[in-house]
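The values are calculated or read from the model by the stated rules, or taken from the named source; none is laboratory data. Quantities reported herein were computed from a predicted structural model and do not represent experimental measurements. Using ideal geometry, Cβ is built from the backbone for each residue, glycine included, and neighbour counts are taken over all protein chains shown. SASA here: full protein model, heavy atoms, side chains in, ligands and nucleic acids out. Shrake-Rupley method; radii C 1.70, N 1.55, O 1.52, S 1.80 Å.
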Amino acid sequence: MASGKQERPNGAAEDWTIPQGWGSYSAVEHATWDRLFDRQAKLLPGRVAPEFLNGLDVLRMDRPGIPDFGELSDRLMKLTGWQVVAVPGLIPEEIFFDHLANRRFVSGNFIRAPEQLDYLQEPDVFHDIFGHVPLLAHPVFADYMQAYGRGGQRAAALGAIEKLARLYWYTVEFGLIRSGDDLRIYGAGIVSSHGETIFALDDPSPNRLGFDLRRVMRTKYRIDDYQQNYFVIDSFDDLLRQTLETDFGPVYAELATQPDIEIDTILPQDQVFTRGTQLYAREQLGSR
Ligand code: PHE
Ligand code: FE
């Protein structure tokens, strides 16, 4: 993931990549991956988009231990031309976009401590690899991620990163997708979280609204707890088509004149799958 300004650490290359250091993981670290993996592998069937499960399968991600990025990249390269490279946590936006635009997915190499199985601030290797990489084996989603990287370079030049970042948040990180009459999860932030995998689909608290590009780019989000709002796409093809066909330049100009939308607002024109009670969010905020 990307963030604002920071110094490139000693030992990182000019593109901010570092060696994964696969040989340095301890037995405890590999065991942490296995515990997280097993827990999600049990929970996800029937809840996640089938394309995700297919990705786990074709990338052989069910093998025990933290994956070796080199091996993973070899498989991914044959399937969709993507690679996985290690970086030291958060990196500058323009570096992040450049990697995506060149079909390189950046991942942290560290894993959370055993006592942090459910909650952590910074994305670790489980979030980055388990959450994001399976869908990179899907040709349409793979193209979407590259297009997003190119779009990021353009948004940076147009001063519109904040708007584009919301698109990433509400699709790549926290997206839902239709599957017949059902909803399924596909966003990496949900898929890599045991709690949110259940919350995003079953809890009466959050709103679940139909995806609308301009609406999404105007909607605020929270980074400290489960989402109050999820947006539902029809299909990956539809997501890619809409974002590719739309020239974001005029959209950014148009949105600059419109107010942001609060996290829990439902607009008259929204396609409502679920009108949330927002009870969970209210209880959380009340107890802080
Ligand atoms: N069409 C977008 C633009 O004009 C690029 C983009 C594609 C952004 C896909 C995000 C996802 O900038
Ligand atoms: Fe992520």
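If you take all other residues with their beta carbon under 11 Å from the beta carbon of F248, and give Lys and Arg +1 and Asp and Glu -1, the sum is +1. I'd like the distance between the alpha-carbon centres of the stretch 69-86 and the stretch 265-283, rounded to an integer number of Å. Cα centres, the stretch 69-86 to the stretch 265-283: 39 Å. For the chain, modelled as a GNM whose springs connect Cα atoms under 10 angstrom apart, the maximal fluctuation among Q242, Q83, Q40 occurs at Q242. For the stretch 54-99, trypsin sites (Lys or Arg not before Pro) are listed when DSSP marks them as loop and at most 12 other Cβ atoms sit within 10 Å of their Cβ; the list is R60. Taking each residue as 0.36 nm, the span from L285 to E7 lengthens on full extension beyond its C-alpha to C-alpha distance by 96.7 nm. Using the average count of surrounding beta-carbon atoms within 10 Å as a protection proxy, the listed peptides 26-34, 88-96 rank, highest first, as 88-96, 26-34.
How much accessible area per residue does the stretch 138-182 have, in Å², with a 1.4 Å probe? Before the final figure, lay out the partial values.
Values: 1730 Å² over 45 residues.
That works out to 38 Å² per residue.
In the chain, Cα pairs under 8 Å separated by at least six residues give a relative contact order of 18 percent. Its residues counted as N, the stretch 1-52 yields a C-alpha radius of gyration over 2.2 N^0.38 Å of 1.70. Per-residue extension of 0.36 nm, minus the Cα-Cα distance of V58 and Q269, leaves a gain of 71.9 nm for this segment.
With each label modelled as a point 7 angstrom along the Cα→C-beta vector, the V251-Y221 pair spans 1.4 nm.
Here is how the number arises for the chain: DSSP H runs of 4 or more residues each give -39500 (n - 2.57), the sum is divided by the residue count, and the result at 222 nm is -12500 deg cm²/dmol.
Taking the DSSP beta bridges with both ends in the chain, the antiparallel portion is around 30 percent. Using C-alpha pairs under 8 Å with a sequence gap of at least 6, the mean separation divided by the residue count of the stretch 21-158 gives a relative contact order of 29 percent.
Computed log10 I(q)/I(0) for the stretch 232-288 at 0.19, 0.20, 0.23 Å⁻¹: -0.99, -1.02, -1.08, from the Debye equation with unit scatterers placed on every C-alpha and solvent omitted. DSSP beta bridges fully contained in the stretch 1-148 are about 10 percent antiparallel. One equal scatterer on each Cα of the stretch 8-115, no solvent, Debye formula: the resulting log10 I(q)/I(0) at q = 0.21 Å⁻¹ is -1.29.
Extent of the chain along its three principal axes (Cα atoms, max minus min coordinate, largest first): 55, 40, 39 Å.
When the Gaussian network model of the chain links Cα atoms closer than 10 Å, the mean-square fluctuations of A49, A13, A137 top out at A13. Computed 3J(HN,Hα) for the stretch 106-114, one whole-Hz value per residue from the Karplus formula 6.51 cos²θ - 1.76 cosθ + 1.60 where θ = phi - 60°, is 8, 9, x, 9, 8, 10, 4, 6, x, glycine and proline marked x.
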